[in-house]
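The values are calculated or read from the model by the stated rules, or taken from the named source; none is laboratory data. Since the model is a prediction, treat every value here as computed from it, not as a measurement. Glycine gets a Cβ as well: all are built from the backbone with ideal geometry, and neighbour counts include every protein chain shown. Surface accessibility is based on the protein's heavy atoms, side chains included, excluding ligands, DNA and RNA. Shrake-Rupley method; radii C 1.70, N 1.55, O 1.52, S 1.80 Å.
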Amino acid sequence: MAANKIEQYLIDLMYTYREVEPNFWIIDDPDHGLEGLAVIYAEPLVIIRIQLMDAPKSKRLEFFTKLLELNAGDLVHGAYGLDNEKVVLIDTLQYETVDYSQFRAVLDAFSLALTQHYPILSAYRGV
């Protein structure tokens, strides 16, 4: 039996993951379109986060405008953000109320966003 419901959800979803430390998992599952995705249970929250890329050095206004447009119109769960010049996709859930369907929906949405958005955003790398 899993230590908590988040780990049980990961098991039930059959994701390839590893526990880095208690209540901190990394999903590395290319079959599900998720590599390097962190899932952290930090009471009372479940934080789901992935680092996409470095923010570009040029065309920043165009790039950040594109991120905001994707946030507003094309993300079902989560939001893009900037953390020390790293572009991240992040979402938070309440541990107490999160259920299997909600957890799965967030991971599915992240997978879809990464598949659809990374080609758009990576075009700004090195420009």
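Points worth noting:
- Calculated FRET efficiency for the pair Lys59/Val20, C-beta based, R₀ 22 Å, to 0.05: 0.05
- Cα centroids of segment 70-127 and segment 47-62: 12 Å apart.
- Normalised contact order of the chain, rounded percent, pairs of Cα under 8 Å and 6 or more residues apart: 23 percent
- Probe 1.4 Å, accessible area per residue of the chain, Å²: 56 Å²
- Anisotropy class of the chain from Cα gyration tensor, a/c 1.5 cut: prolate
- Residue-wise HN-Hα coupling along segment 112-119, computed from phi with Karplus coefficients 6.51, -1.76, 1.60 (Hz; x: Gly, Pro): 5, 4, 5, 5, 7, 8, 4, x
- Nearest-20 debye value, the chain charge dipole, Cβ charges on Lys, Arg, Asp, Glu: 560 debye
- Relative contact order (percent, whole number), segment 1-68, Cα cutoff 8 Å, 6+ residue spacing: 16 percent
- Built amide H within the under 5 Å cut-off of Ala55, gap 5+: Lys86, Val87
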